[in-house]
Amino acid sequence: MSLTSSHSPSLNPANPASNSGQEQKQEQEQGQQRDLASATALLTSLAPRLRALLAQNPLRVPLDKLAIMQPDPARAHVLYAEPDLRSTDGQRLRSVCGACCFGPF
(Lines give C-alpha, C1' and ligand atoms only; values in the text may rest on other atoms or scores of the structure.)
Protein backbone atom coordinates (compact mmCIF):
# COMPACT_ATOMS: atom_id res chain seq x y z
CA MET A 1 0.00 0.00 0.00
CA SER A 2 1.41 3.36 -0.93
CA LEU A 3 1.42 6.29 1.46
CA THR A 4 -0.55 8.45 -0.94
CA SER A 5 -3.39 5.99 -1.50
CA SER A 6 -4.99 6.76 1.86
CA HIS A 7 -4.75 10.54 1.43
CA SER A 8 -6.74 13.03 -0.55
CA PRO A 9 -5.36 13.32 -4.12
CA SER A 10 -4.81 17.05 -3.59
CA LEU A 11 -2.56 16.54 -0.57
CA ASN A 12 1.12 15.77 -0.87
CA PRO A 13 2.40 13.88 2.21
CA ALA A 14 5.97 14.56 1.12
CA ASN A 15 5.42 18.34 1.32
CA PRO A 16 3.49 19.42 4.45
CA ALA A 17 4.06 23.12 3.68
CA SER A 18 2.24 22.67 0.38
CA ASN A 19 -0.62 20.94 2.22
CA SER A 20 -0.88 23.82 4.68
CA GLY A 21 -1.07 26.32 1.81
CA GLN A 22 -3.77 24.29 0.09
CA GLU A 23 -5.76 24.06 3.32
CA GLN A 24 -5.49 27.82 3.84
CA LYS A 25 -6.68 28.47 0.31
CA GLN A 26 -9.65 26.13 0.80
CA GLU A 27 -10.52 27.83 4.10
CA GLN A 28 -10.35 31.27 2.45
CA GLU A 29 -12.60 30.14 -0.39
CA GLN A 30 -15.11 28.67 2.09
CA GLY A 31 -14.99 31.90 4.12
CA GLN A 32 -15.67 33.95 0.99
CA GLN A 33 -18.62 31.72 0.12
CA ARG A 34 -20.00 32.15 3.67
CA ASP A 35 -19.46 35.92 3.45
CA LEU A 36 -21.33 36.05 0.15
CA ALA A 37 -24.16 33.92 1.55
CA SER A 38 -24.35 36.13 4.66
CA ALA A 39 -24.36 39.32 2.58
CA THR A 40 -27.07 37.94 0.29
CA ALA A 41 -29.19 36.92 3.29
CA LEU A 42 -28.75 40.34 4.89
CA LEU A 43 -29.76 42.20 1.73
CA THR A 44 -32.74 39.90 1.25
CA SER A 45 -33.88 40.54 4.83
CA LEU A 46 -33.48 44.31 4.40
CA ALA A 47 -35.38 44.54 1.09
CA PRO A 48 -38.91 44.89 2.58
CA ARG A 49 -37.77 47.62 4.98
CA LEU A 50 -35.97 49.49 2.18
CA ARG A 51 -39.01 49.30 -0.09
CA ALA A 52 -41.17 50.68 2.71
CA LEU A 53 -38.74 53.54 3.39
CA LEU A 54 -38.47 54.48 -0.26
CA ALA A 55 -42.20 53.97 -0.89
CA GLN A 56 -41.57 53.18 -4.56
CA ASN A 57 -40.04 56.65 -4.97
CA PRO A 58 -36.48 56.31 -6.32
CA LEU A 59 -33.63 58.32 -4.85
CA ARG A 60 -31.97 60.97 -7.00
CA VAL A 61 -29.02 62.09 -4.93
CA PRO A 62 -26.63 64.62 -6.47
CA LEU A 63 -22.97 63.68 -6.33
CA ASP A 64 -21.03 66.39 -4.56
CA LYS A 65 -17.30 65.68 -4.93
CA LEU A 66 -14.71 62.99 -5.43
CA ALA A 67 -13.38 61.36 -2.28
CA ILE A 68 -11.05 58.52 -1.28
CA MET A 69 -11.48 55.73 1.25
CA GLN A 70 -8.11 56.28 2.89
CA PRO A 71 -6.89 59.17 5.02
CA ASP A 72 -3.49 59.10 3.29
CA PRO A 73 -3.92 60.00 -0.42
CA ALA A 74 -0.63 58.29 -1.29
CA ARG A 75 -2.07 54.96 -0.09
CA ALA A 76 -5.60 55.35 -1.50
CA HIS A 77 -6.92 52.61 -3.78
CA VAL A 78 -10.60 53.60 -3.98
CA LEU A 79 -11.94 56.81 -5.50
CA TYR A 80 -15.67 57.44 -5.36
CA ALA A 81 -18.22 60.18 -5.96
CA GLU A 82 -19.55 61.36 -2.60
CA PRO A 83 -23.30 62.00 -2.35
CA ASP A 84 -24.61 65.41 -1.28
CA LEU A 85 -26.51 64.52 1.91
CA ARG A 86 -27.87 68.06 2.28
CA SER A 87 -30.32 67.60 -0.60
CA THR A 88 -33.85 66.28 -0.02
CA ASP A 89 -33.04 62.88 -1.46
CA GLY A 90 -29.69 62.99 0.32
CA GLN A 91 -31.61 63.17 3.59
CA ARG A 92 -33.76 60.24 2.47
CA LEU A 93 -30.58 58.32 1.64
CA ARG A 94 -29.27 59.05 5.13
CA SER A 95 -32.49 57.72 6.70
CA VAL A 96 -32.39 54.57 4.57
CA CYS A 97 -28.75 53.93 5.51
CA GLY A 98 -29.49 54.66 9.16
CA ALA A 99 -32.29 52.11 9.11
CA CYS A 100 -29.98 49.44 7.73
CA CYS A 101 -26.73 50.15 9.55
CA PHE A 102 -25.83 49.73 13.19
CA GLY A 103 -23.68 52.84 13.47
CA PRO A 104 -24.06 56.51 12.55
CA PHE A 105 -23.91 57.41 8.87
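The values are calculated or read from the model by the stated rules, or taken from the named source; none is laboratory data. All figures in this text were calculated on a predicted structure; none of them were measured in a lab. Counting neighbours? That spans all protein chains shown, and the Cβs are built from the backbone with ideal geometry, glycine included.
Which numbered condition trips up PRO58, out of (1) exposed (fewer than 10 other Cβ atoms within 10 Å of the Cβ); (2) touching a residue at least 12 places away in the same chain (Cβ under 8 Å); (3) within 20 Å of GLY98 (Cβ to Cβ)?
Of everything listed in (1) exposed (fewer than 10 other Cβ atoms within 10 Å of the Cβ); (2) touching a residue at least 12 places away in the same chain (Cβ under 8 Å); (3) within 20 Å of GLY98 (Cβ to Cβ), PRO58 misses just condition (2).
Hey, does the stretch 84-92 have a residue that's farther than 19 Å from LEU46 by Cβ and among the small types (Gly, Ala, Ser)?
Yes, there is a match, as at least one residue in the stretch 84-92 is farther than 19 Å from LEU46 by Cβ and among the small types (Gly, Ala, Ser).
GLN28 versus (1) at pLDDT 80 or above; (2) exposed (fewer than 12 other Cβ atoms within 10 Å of the Cβ); (3) among the polar types (S, T, N, Q): which is the lone unmet condition?
(1)
Within the stretch 82-96, work out how many residues are part of a loop (DSSP other than H, G, I, E, B) and not charged (D, E, K, R). Steps first, please.
The initial filter retains those residues of the stretch 82-96 that are part of a loop (DSSP other than H, G, I, E, B), namely 84-87.
Restricting the remaining residues to those that are not charged (D, E, K, R) gives 85, 87.
The number of residues fulfilling the criteria is 2.
Looking at the stretch 64-75 only, could you name the residues that are modelled with pLDDT under 90 and surrounded by 10 or more Cβ atoms within 10 Å (Cβ to Cβ)?
Residues satisfying the conditions are ASP64, GLN70.
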